[in-house]
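Written out below as structure tokens is the structure these notes cover.
The values are calculated or read from the model by the stated rules, or taken from the named source; none is laboratory data. Bear in mind the structure is a predicted one, so any value in this text is a computation, not a measurement. Glycine gets a Cβ as well: all are built from the backbone with ideal geometry, and neighbour counts include every protein chain shown. Note: areas computed on protein heavy atoms with side chains; ligands, DNA, RNA excluded. Shrake-Rupley method; radii C 1.70, N 1.55, O 1.52, S 1.80 Å.
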Amino acid sequence: MNHVIWVVQTTLPGEWNEAIVGAWSAALVEKDLAACVQRDLITSVYSWEGATQSSEEWRLEIKTSAENKEGLIEAILADHPYDTPQIAAWEASSTSGYSYWVQG
């Protein structure tokens with residue numbers, strides 16, 4: 001087992017309350033698609049439909065294994081409320097203990 005994990009990031013609507021975002025996050029963990037989901041409220045500035053927009057969003061940083069990454073991305077796409085959700089994924093080096101935990 002190597003010491004690499006995957007970090008998958010997405011955003012959810014800022015108007016969702018913490019309970020809804022918490023349930024959405026917990027579902028990913030309960031389905032064994034993620035070991036951990038960290039979430040925080042941010043302000044995003046972005047171009048959409050030809051105009052500069054700004055809105056509050058929930059940023060989710062999700063830790064998963066290589067084996068679960070594609071299933072996690074599919075689950076995000078299936079349940080996401082945005083037409084074009086942000087889904088960014090990258091490999092991250094980790095300590096051996098943490099990577100063993102994430103990889104299950």
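For the stretch 4-11, putting each phi into the Karplus relation 6.51 cos²θ - 1.76 cosθ + 1.60 with θ = phi - 60° gives couplings of 10, 10, 10, 10, 10, 10, 9, 10 Hz, in residue order, rounded to whole numbers and with x for Gly and Pro. Computed from point charges on the beta carbon alone (+1 for Lys and Arg, -1 for Asp and Glu), the dipole magnitude for the stretch 37-104 about its Cα centre is near 260 Debye.
Rounded to the nearest Hz, the phi-derived 3J(HN,Hα) couplings of the stretch 34-42 under the Karplus curve 6.51 cos²θ - 1.76 cosθ + 1.60 (θ = phi - 60°) are 9, 8, 7, 10, 9, 9, 8, 7, 10, where x marks glycine and proline. Between A75 and E61, the simple label model (points 7 Å from Cα in the Cβ direction) yields a spacing of 2.0 nm.
Phi angles across the stretch 16-26 convert, under the Karplus curve 6.51 cos²θ - 1.76 cosθ + 1.60 with θ = phi - 60°, into 3J(HN,Hα) values of 5, 7, 4, 5, 5, 5, x, 5, 4, 5, 4 Hz, Gly and Pro given as x. Considering only the Cα atoms of the chain, their convex hull presents on average a projected area of 6.8 nm². Taking the 1.4 Å solvent-accessible surface of the chain as the whole, the part contributed by carbon and sulfur is 49%. Given a Förster distance of 41 Å, report the FRET efficiency between D83 and V4 from their Cβ-Cβ distance, rounded to the nearest 0.05. Here the calculated transfer efficiency is 0.80.
Considering only S25, C36, A88, the residue lying farthest towards the positive end of the dipole of the chain is C36, judged by Cα position with unit charges set on Cβ. Computed from the C-beta positions of Y98 and N17 and an R0 of 41 Å, the FRET efficiency is 0.85 to the nearest 0.05. Across the stretch 29-104, the relative contact order, built from alpha-carbon pairs under 8 Å that are at least six residues apart, equals 33 percent.
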